[in-house]
Amino acid sequence: MLPILAAHFLAAAVAPPLVGWFGRKVFLLLAVVPLASLTWLAAQGPAVVDGDRVEQDVPWVPSLGLEVALAMGPLQWVLALLVTGVGGLVLVYCAWYFHADEPGLTSFSGHFVAFAGAMLGLVLSADLLLLYVFWELTTVFSYLLIGHDPARRGSRAAGMQALVVTTLGGLAMLVGILLVGDAAGSFRVEDVLASPPTGGVAVTAAVLLLAGAVTKSAVVPFHFWLPGAMAAPTPVSAYLHAAAMVKAGIYLVALLSPAFADVAGWRETTLVLGTATMLVGGWRALRQVDIKLLLAYGTVSQLGFLTVVAGTGTRAAAFAALALLLAHALFKATLFLVVGIVDHTAGTRDLRALSGVGRKLPWVAVLACVAGASMAGLPPLLGFTAKESVLAALLDVAHTGDGTGVPAYLGWAVVAGVVAGSALTAAYTLRFLWGAFATKDGVEPSTVTPPGAAAVVPPAVFAALSLLLGFTGGPLTTLLDRHAASFPAGEHAPKLTLWHGVNTALLLTLLSLAVGLLAFAARALVEQVQARLTTPLSAERSYHWAVRGLDRAAVELTGRTQRGSVAIYLSVILLVIVVVPGAALVAALQDPVRWVRWDNVGQPLVAVVVVVAAVLTARARRRLKAVVLVGVAGYGTALLFLLQGAPDLALTQLLVETVTLVVFVLVLRRLPAYFTDRPLHWSRHVRAAIGLLAAVAVASFMLVTGAARTAVPVSDDFATEAVEYGGGKNIVNVTLVDIRAWDTMGELAVLVVAATGVASLIFIETRGMAIRRVREIPYPVSVRKQTTNKSRRVWLPAGRTLAPERRSIIFEVVTRLLFHAIIVLSVFLLFSGHNNPGGGFAAGLVTGLALLVRYLAGGRYELDEAAPVDAGVLIGTGLGVAALSGLAPLAFGGTVLQSAVVDLAVPLIGELHLVTSLFFDVGVYLVVVGLMLDLLRSLGSGIDRQILREERESRAAAPTGGGA
Amino acid sequence: MSDALVALPVIVPLLAAGLSLVLVRRPSLQRMVSIIALVAVAAVAAVLVVRADQDGPQALWIGGWPEPLGIALVADRLSSLMLLVSALVTLAVLVYSVGQGMVDEAESAPLSIYHPSFLVLAAGVANAFLAADLFNLFVSFEMLLFASYVLLTLGGTESRIRAGTIYVVVNVLSSMVFLVAIAMVYSATGSLNFAQLAGRLDALPEAVALLLQLMLLTVFSIKAAVFPLSFWLPDSYPTAPAPVTAVFAGLLTKVGVYAILRTQTLLFPDSPLTTALLVAALLTMLVGILGAVAQSDIKRMLSFTLVSHIGYMIFGVGLATAAGVSGAIFYVVHHITIQTGLFLVVGLVEHRAGSTSLLRLGGLARLSPILGLSFFVPAMNLAGIPPMSGFLGKVGLASAGIEQGSTLAYVLVAAGMATSLLTLYAVAKAWSLAFWRTPQQAHETSLAVQQDYQDAPGEERQRVRVGSASYGRVEQQEARSIHDDTPDRDLYQRLQDDDLPHHRPRTMTAAALGLVGLSLLLTVVAGPLFDYTDRAAVDLLERTPYLEAVLTGDTP
């Protein structure tokens, strides 16, 4: 079975290009796949009738209990024959139906064949989860096929409607399958049938499974999607929405009825909804003027009928259900294909405009009449024998319950409903035949072009089968019996035959036919009644109402949550912190918390300063003020580090604060002096309160967690290990470049991207301009050129590039004197860092400050003079050095970032105590210097340039502005 | 030292980032370096997957310090798998962006900045999966966040800066909260190493441990975009360049999910918070997907589905059963692949049609069948249509929920199905409008919308509707932008003027299709993959494999 499935999907994959190249003839070729499958399936017939199940298993996801398990019993065999047979012949029909230049035909071919494969897989699945896989695939391909002509709004809407409704049911069914699988311990159909769930789970599962079935099979109240789906091309309607896909729900009901029929809710649901569907569908079919829609409603009606029979769950009903299903597929496929012929040849499907088609297409009319007779249940057709067996089965249920326990009133109501439904069926069948083929008074005869053989052969085959199978009740009975055997024997042994003798079933059939004939004859009257009987309750309207409501609710909800305001998002986060961990805080505070107020009096004093500075920062409206206050808070923190006994941290913090201040000031040149000039909003009080709450919460968290510690912190060992293993006395530095060097490497990467990011925002396209040395720069016009002696030394080479009023000779002199000293200091910090305060980070910052001074004294060209390198190269080298120093120890048999202590005796200098982590620290140094250079280049020089450019532009614009 | 392999996924991209900065004026070399680095990472990750599966968690103590002192990296089954998937995905995105750089020369994509930032992002993501130390996890977050700040504001256009502001501010706050959480953990336990913490947290008073757990959960929930900490995401992701959005959407939130998964299982077993997690998962799913339904821009819509589907993963974590955790891991793998792939495809749409707004698009399926296929398949996968990985992940989670059997779990199963349906609805709507409807219809509809918008009085302007695509207060900005950007031409007008790119973005398409292919491959290998995630989940819940691998008891 797997090969025929695979062949379908393979054919689907190659179909689009083939159709693209060779046109619609390819459909004939594609038809070979299902027809060959049909042949193979037919060959399995004897085995299936003998009761041998054909099985095949391939594991897929054992953890989920999902396997590609295929099996074929009589039920599956009949459906597989239908799926492949109808599929193949409809493909043949397609070769005639479509115009050669039909848009979208390539993808259509793929979707159609893939659908056929999915449908075949659905009926062959022996695993419910696998069945669901194919089930949803049919939904999706149906969606694509309905939307074959996507330019029509109606097609799109119908596709969406079918997709949403059937997936809704499908998902419910999936949960049902999962419940059943959980209860049975397996998704295998045979296991589920062997050990069906019991109790509440069974009822839930039954309802959920039925939800899948009724949505798929367009049973009330989900029937409305099916007529909408008629937006699809007629071959699709004939195959998917008449013969194949809509049967999936019926198939599921028939498949699971042996296990579920006795579960509370199963019979009630199927009988009531099925009967209602049969009546609603039939009634609405009588109202249609589009013959395709008429058939669509007819299909809805028949699906309701099938649901009733399949859901009854007695041996006779199971037998009859399969017979009816077969009959329906054959006559409905014929009728839809006939509609396609009429539509294409006469150019309309409106029965008010069609006239005289029967005379011009007599053979087509004959086929339609045969199929119609089968639909109405006339002998000697399969429709008749099937319906007789249905009535017999239902009458048994009504009389005695036939082991179902269905109360008599329900049983009789169903029989009455079915008879009424059959009457409606007879009436709309007549309406259809009359509408499509009759010659009507006062209607201009339609012009008809004769159809090709490919159009007529498929419906002819189906019609012939409807007729033939009417006479082969005997063999069919054997086959259907095999299927029904899974039910206990009932009141009578079901049998398909043209003559049962005069019994209740036959009388009821005659009654329904008579009423149907009458209803057709009095169609004018019926139409009047229909026009008057309008109901405000419409499933389709409810669907639209629900979808609109959903859209609207989505918009409202999203509008409420997604405010696009940073303040609100931050408030939410802070509130969550206050409320969520805060809840645990309340419990944690139950225990008394002991705490040390301070270690020395300096701490609270500094803390007060920091807090006040922080509060004032939040209140500041001037940016500069805020920046200075942040600086105060930062320096205060540095002081706190110092008071805690961490000079190294304090030094670093101090340098960072200084650099930050300077950078801020550089940036502030380009920002308005005030944060906002809008009046203060009252909401700031709320925000302040939230901030305060968060602060209190976090402070309490720290208090509680600090008090809870009993374990010895790992850092206690740092002091001894840093010296013994790390070879350095400065614990902070050893921590940074060795114990936790991996963190430092990460943070280096952070610095690298931060620098890159700042540069990218200022220079957008490339990092910085090419570096220009002073000697390449012409004197600015504003500066009077002095003839310089080559040998003459200047304090700062780029000083001349500044406007005279911006120069300060003293500053230049001091800079010149200090610069190299600072650089030497920074190198000292770098090398001594392992044992004394310092290290690569601090050293880098000091170098950066030296560069900053050069920049401030001599302008942007001076910066380039001082560091004529690309900052990116510096940063990149730094990161590279750090990373390589991490990898290098591997070459010496160490591990990543492992350091070694090397004591060298160097002449002149003496004993040198070298720890290899120094290389890592050099990387750190380079990155920090590069970062500083990048910041100065972009926020200093870059902004200088922008300011200059704007000045130039405004100068250039000024004369015209003045003239206006 | 073979353990060193564990460090390579971080150190190699960092080395490459350094190299790439040095090679700033040699773009072709830069590209080569980046690609080689990520290929190497993927290869190492694959080796780690095999090793972790066969020999147990691979632990490395950096620098060879005595055991609890230094920093440890651990690649267990979960980490290695995450590493492998993220490496493949980043590689695909890199290839895509290289392609984009070559195609969109006019936009002068600043590749010199892009490559190093992207590599640092990759290193950060890798480190987050490997970190066995809370502070080191913080560092990883900083790496990927800083890189993401740069990538998000690439090009510095106004909308990107505006979106970037929300993103940066929210994430800076979340980083701060993370630091506070770390300080709390350290002050309560005196340790940051996961394995050591696992032991020490047990010794704490229950309330304090709960406090720490909630604090960490809050922090990671911001990263993972769990409701109500998710609002920032859809406002910031969609504006970035397509490959950037793609990699953010695929990986960054998953790092948060990973952190939740890791800390909840390793540090807080027998969590009292499973109910809370399930409720958060429920709200995340539903609020997120309703957000997606309300969108009229494909990128924004996908950003909301991203948030929503985070709910699935939290659902699995919240179940706290082996099946639930396994389902969550599988779903993470699926979702990384599919969400990244979809965003890349949407990038192709943007490239081809000049917009991702459903108001401006139409007829794409006919214009480019390949584009249609490469959107439709992953979109259906996202919606959980079988037999694709989204379906398998959904089934894994749902059956875990049913197996667990609590009422709340059933509610979550139902909500998961509803989310699945609404995801399908949202993507089908996008398909219907952007791919099916003709460009002309799109043009006429959007003209009508603009007219309605201009005619509508104030408050009502926000409620203008087109077909089933609707605009609410959220969409003010959107509606305003249709209004403001009238001079911008939609697809119809571009077609009329024959103003579409003729250049076929082959590399981009190949990269996007590669990811789509990878997501389909997940279906084929679902059997072994689910077995693997089952084993990973058992490891996580047992804890001992991890603990024993990290704390061997002997100091090197």
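The values are calculated or read from the model by the stated rules, or taken from the named source; none is laboratory data. These numbers were taken from a predicted model, which means no experiment stands behind them. Cβ sites come from the backbone with ideal geometry, for glycine too, and all protein chains shown count toward neighbours.
Taking residue A:69 as the residue in question, decide whether it is assigned to a helix (DSSP H, G or I), touching a residue at least 40 places away in the same chain (Cβ under 8 Å), within 30 Å of residue B:397 (Cβ to Cβ) and in the same structural domain as residue A:18 (by TED's automatic domain parsing). Spelling it out, it is not the case that residue A:69 is assigned to a helix (DSSP H, G or I), touching a residue at least 40 places away in the same chain (Cβ under 8 Å), within 30 Å of residue B:397 (Cβ to Cβ) and in the same structural domain as residue A:18 (by TED's automatic domain parsing).
The set of residues from the stretch B:47-89 being at positive phi and either under 25 Å from the mean Cα position of the chain (by Cα) or buried (at least 24 other Cβ atoms within 10 Å of the Cβ) (or both) comprises just one member, B:63.
If you go through the stretch A:611-649 and pick out every residue that is under 23 Å from residue A:692 (Cβ atoms), hydrophobic (A, V, I, L, M, F, W, C) and surrounded by fewer than 17 Cβ atoms within 10 Å (Cβ to Cβ), you end up with 6.
Across the stretch B:138-175, the number of residues qualifying as touching a helix residue (DSSP H, G or I) at 6+ places or on another chain (Cβ under 6 Å) and under 16 Å from residue B:260 (Cα atoms) comes to 3. Exactly one residue out of B:234, B:241, B:205, B:228 is more than 8 Å from chain A (Cβ to nearest Cβ) and either closer than 23 Å to residue A:594 by Cβ or of a type outside the set (Val, Ile, Thr) (or both), and it is B:241. Scanning the stretch B:400-410 finds no residues that are facing chain A (nearest Cβ under 7 Å) and surrounded by 24 or more Cβ atoms within 10 Å (Cβ to Cβ).
For the stretch A:655-685, a tally of residues being touching a helix residue (DSSP H, G or I) at 6+ places or on another chain (Cβ under 7 Å) and charged (D, E, K, R) returns 3. Of the numbered criteria (1) at pLDDT below 85; (2) closer than 18 Å to residue A:735 by Cα; (3) surrounded by 17 or more Cβ atoms within 10 Å (Cβ to Cβ), the one residue A:901 fails is (3). Each residue in the stretch A:890-931 was checked for being touching a Leu at 6+ places or on another chain (Cβ under 8 Å), without any contact (Cβ under 8 Å) to a residue 40 or more places away in the chain and farther than 14 Å from residue A:737 by Cα, and 8 pass. Assess whether residue A:296 counts as being assigned to a helix (DSSP H, G or I) and in contact with a strand residue (DSSP E or B) (Cβ under 9 Å, 6 or more places away or on another chain). Yes, satisfied. In the stretch A:527-571, what count of residues is obtained for those that are among the aliphatic types (A, V, I, L, M), within 10 Å of another protein chain (Cβ to nearest Cβ) and closer than 27 Å to residue A:165 by Cα? Count: 6.
Scanning the stretch A:93-122 for residues that are buried (at least 24 other Cβ atoms within 10 Å of the Cβ), away from chain B (no Cβ under 14 Å) and either among the small types (Gly, Ala, Ser) or under 23 Å from residue A:451 (Cα atoms) (or both) yields A:93, A:94, A:97, A:112, A:116.
The sole residue among B:415, B:379 that is more than 9 Å from every other protein chain (Cβ to nearest Cβ), among the aliphatic types (A, V, I, L, M) and more than 21 Å from residue B:522 (Cα to Cα) is B:415. The residues in the stretch B:275-286 that are facing chain A (nearest Cβ under 10 Å) and at pLDDT below 95 can be counted, and the count is 1.
Screening the stretch B:109-142 for residues that are closer than 24 Å to residue B:179 by Cα and not in a helix (DSSP H, G or I) and picking the one that is farthest from the other protein chains (Cβ to nearest Cβ) gives B:132. The set of residues in the stretch B:1-26 that are within 11 Å of chain A (Cβ to nearest Cβ) and not hydrophobic (A, V, I, L, M, F, W, C) comprises B:2, B:3, B:13, B:18, B:20, B:25. Entry remark, the stretch A:711-765: residues being facing chain B (nearest Cβ under 7 Å), surrounded by 20 or more Cβ atoms within 10 Å (Cβ to Cβ) and outside any helix (DSSP H, G or I) number 2 in total.
Residues of the stretch B:152-189 that are out of contact with any Lys or Arg (no Cβ under 9 Å at 6 or more places or on another chain), modelled with pLDDT of 90 or more and more than 9 Å from chain A (Cβ to nearest Cβ): B:167, B:168, B:172, B:175, B:176, B:179, B:182.
Just checking, does the stretch A:932-943 include any residue being outside any helix (DSSP H, G or I), more than 21 Å from residue A:729 (Cα to Cα) and at pLDDT below 85? No - not one qualifying residue is present in the stretch A:932-943. With respect to (1) hydrophobic (A, V, I, L, M, F, W, C); (2) modelled with pLDDT under 90; (3) surrounded by fewer than 17 Cβ atoms within 10 Å (Cβ to Cβ), the lone exception for residue A:487 is condition (3). With the structure loaded, tell me whether residue A:76 is farther than 30 Å from residue B:400 by Cα and either in the same structural domain as residue A:240 (by TED's automatic domain parsing) or assigned to a helix (DSSP H, G or I) (or both) or whether it fails that test. The answer is yes for residue A:76. A Cβ distance below 7 Å, combined with a sequence gap of six or more or placement on separate chains, defines the contacts here; from the stretch A:131-160, residues that are facing another protein chain (nearest Cβ under 10 Å) and under 16 Å from residue B:434 (Cβ atoms) reach residues that are surrounded by fewer than 24 Cβ atoms within 10 Å (Cβ to Cβ) and polar (S, T, N, Q) in the pairs A:147/A:155; A:151/B:438. Checked against (1) within 14 Å of another protein chain (Cβ to nearest Cβ); (2) over 25 Å from residue A:131 (Cα atoms); (3) surrounded by fewer than 24 Cβ atoms within 10 Å (Cβ to Cβ), residue B:308 passes all but a single condition, namely (3).
When restricted to residues that are of a type in the set (Gly, Ala, Ser), surrounded by fewer than 18 Cβ atoms within 10 Å (Cβ to Cβ) and touching a residue at least 60 places away in the same chain (Cβ under 8 Å), the stretch A:670-696 contains 3.
Of the residues contained in the stretch A:883-897, none is found to be assigned by TED's automatic domain parsing to the domain that holds residue A:824, over 18 Å from residue B:10 (Cα atoms) and buried (at least 24 other Cβ atoms within 10 Å of the Cβ). When the residues of the stretch B:351-375 are filtered to those that are under 20 Å from the mean Cα position of the chain (by Cα) and assigned to a helix (DSSP H, G or I), the one that is surrounded by the most Cβ atoms within 10 Å (Cβ to Cβ) is B:375.
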